[in-house]
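Trainee: Here's a structure for you.
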Amino acid sequence: MPEDDPSPKLEHDICIHIFTVSAAMVGVCLTVIGLLRVVISIHKQDTLADDFLATDSVLFLVSCLLSYWALRTRSTKRMYRVERCADIIFIIAMIGMVGVCGFVTWAIALG
């Protein structure tokens, strides 16, 4: 790894960030699903938010596993491809999380 080329170091750092944040977001999704299930059982009113969060947590898990694979691979070309997939899935999952937050806010405002 040449000293004047910061790209591999930057790619490695991005991979580490995707890995750690995705793992944390899986935990956040599961925690919110648990909280929503408690609220649903108290108010006897069902919502699709927990289903959306479950899908979102799977996307975060896939992103986490792909970024781990990218960190462990020896081939630079494969690392870039796997990391690109992890990055795209991570962005989709984050957009989904924002959508779920909007949905939950809307459901609470109407309920």
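The values are calculated or read from the model by the stated rules, or taken from the named source; none is laboratory data. The shown structure was predicted, so the numbers you read here are calculated from the model rather than taken from an experiment. Here the Cβ is made from the backbone with ideal geometry for all residues, glycine too, and neighbour counts use every protein chain on show. We work out accessible area using only protein heavy atoms, side chains counted, and drop any ligands, DNA or RNA first. Shrake-Rupley method; radii C 1.70, N 1.55, O 1.52, S 1.80 Å.
Trainee: Which number in (1) under 15 Å from the mean Cα position of the chain (by Cα); (2) more than 22 Å from VAL28 (Cβ to Cβ) marks the one condition that SER63 misses?
Mentor: (2)
Trainee: Sort through LEU35, LEU10 and tell me the only one that's open to solvent by 40 Å² or more (accessible area, probe 1.4 Å), modelled with pLDDT of 85 or more and out of contact with any Ser or Thr (no Cβ under 8 Å at 6 or more places or on another chain).
Mentor: Step by step, each of LEU35, LEU10 is checked, and only LEU35 is open to solvent by 40 Å² or more (accessible area, probe 1.4 Å), modelled with pLDDT of 85 or more and out of contact with any Ser or Thr (no Cβ under 8 Å at 6 or more places or on another chain).
Trainee: In region 67-106, which residue that is among the charged types (D, E, K, R) and either open to solvent by 80 Å² or more (accessible area, probe 1.4 Å) or at pLDDT below 90 (or both) is nearest to MET25 (Cα to Cα)?
Mentor: It comes out as ARG84.
Trainee: Identify the residue in region 39-50 that is without any contact (Cβ under 8 Å) to a residue 40 or more places away in the chain and open to solvent by 80 Å² or more (accessible area, probe 1.4 Å) and, among all such residues, is nearest to LEU110 (Cα to Cα).
Mentor: Among those residues, the one meeting the criterion is ASP46.
Trainee: Can you name the residue in region 51-65 that is aliphatic (A, V, I, L, M) and in contact (Cβ under 8 Å) with a residue 24 or more places away in the chain and is also surrounded by the most Cβ atoms within 10 Å (Cβ to Cβ) among such residues?
Mentor: Top of the filtered list is LEU53.
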